[in-house]
Amino acid sequence: SLIGLSHAIPSWASGGDLHGGMIRAGFDEVSGRDIALTIGEGARIVQGRRGHAVAVNGSVPGPLVRLKEGQPVRLAVTNALKEDSSIHWHGLLLPFQFDGVPGVSFPGIKPGETFVYDIPALRQSGTYWWHSHSGLQEQTGHYGPIVIDPAGSDPVQADRDYVMLLSEFTPLHPHTIMEKLKKGEEYFNY
């Protein structure tokens, strides 16, 4: 039984409100035919260590995007950053122009702009994830889970789904990490 599991989750991982420009941990769920996502930035504190974060809808990870097999979806993604951004829908079968990799099949999302991923009926079900392909934003929190429920009845009957998304945190900015690794790949060995 998972009764009382919420008491075993550390407070920094259980979600909460956005306080004083801080990004909250944990994620909400978004679903439906039209979904709005906003990419922004702020500070993140994990176990007392403060670092830079890129969040979607105010959280790291971003919201769980729950879709339904056989149904189309329109995802309007607004970039509130001061740099280009993107979302790649990892593992989804969709038209190439909505894959979300800048410079390959899509121009990226400029600061202050909204890009609409107008995805036709989904042809798959399962668990996937989404993430940025821009400016090392994924490494600071620009990622989240996707669940596509099957069109028919779910072959696995469960009382509740638990989505677990594992990641690392460092207070160092990812560009600082990349700079150190370029100077000496053994930098973080010691």
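The values are calculated or read from the model by the stated rules, or taken from the named source; none is laboratory data. All values derive from a computational prediction rather than experimental measurement. No Cβ is skipped: glycine too gets one built from the backbone with ideal geometry, and neighbour counts run over all protein chains shown. Note: accessible area is taken over every heavy atom of the protein model, side chains too, but ligands, DNA and RNA are not part of it. Shrake-Rupley method; radii C 1.70, N 1.55, O 1.52, S 1.80 Å.
Structural remarks
- For the range 43-59, the Karplus equation 6.51 cos²θ - 1.76 cosθ + 1.60, evaluated at θ = phi - 60°, returns couplings of 9, 10, 10, 10, 6, x, 9, 9, x, 6, 9, 10, 10, 10, 6, x, 9 Hz by residue, with Gly and Pro reported as x.
- Within the full protein context, the accessible area of Arg74 is estimated at about 80 Å² for a probe radius of 1.4 Å.
- Accessible area ranking (1.4 Å probe, heavy atoms, ligands and nucleic acids excluded), largest first, for Asp149, Asp28, Asp84: Asp28, Asp84, Asp149.
- The three principal axes of the C-alpha atoms in the range 32-85 carry coordinate ranges of 44, 26, 12 Å, sorted with the longest axis first.
- Note on the range 116-190: Cα-only Rg and Dmax are 18.3, 54 Å.
- Within a Gaussian network of the chain (alpha carbon springs, distance under 10 Å), most fluctuating of Gly32, Gly108, Gly48: Gly48
- Across all C-alpha atoms in the range 139-182, the radius of gyration and Dmax reach 17.8, 51 Å.
- GNM flexibility winner over the chain from Pro107, Pro145, Pro63 (Cα, springs under 10 Å): Pro107
- In range of the label at Ser167: residues from the range 128-159 whose backbone nitrogen is under 18 Å from the point 7 Å along Cα→Cβ: 128-147
- Distances between placed amide hydrogens fall under 5 Å for Glu41 paired with Ala55, all partners being 5 or more residues away or on another chain.
- Rounded accessible area of Phe188 (nearest 10 Å², 1.4 Å probe): 100
- Ser59, Ser105, Ser31, ranked by accessible area, largest first (probe 1.4 Å): Ser31, Ser105, Ser59
- Shown here is the pair-distance distribution of the range 50-109: with all Cα-Cα distances grouped in 5 Å bins from zero up to the longest one, the shares run 4, 14, 23, 26, 19, 11, 3, 1, 0 percent.
- Converting phi to 3J(HN,Hα) with the Karplus coefficients 6.51, -1.76 and 1.60 and the offset θ = phi - 60°, the range 124-131 yields 7, 9, x, 10, 9, 8, 10, 6 Hz in sequence order, with x at every glycine or proline.
- Amide H contacts under 5 Å for Asp28: Leu64, restricted to partners 5 or more places along the chain or on a different chain, H placed in the peptide plane at 1.01 Å from N.
- Across the range 93-159, Cα-Cα pairs farther apart than 19 Å form 46% of the total.
- Calculated P(r) of the range 50-173 - Cα pairs past 21 Å, %: 41
- When the chain is treated as a GNM with alpha-carbon contacts under 10 Å, the residue of Lys180, Lys110, Lys68 showing the greatest mean-square fluctuation is Lys180.
- A 1.4 Å probe run over the protein chains yields, for the chain, 58 Å² of accessible area per residue, whole-number rounding.
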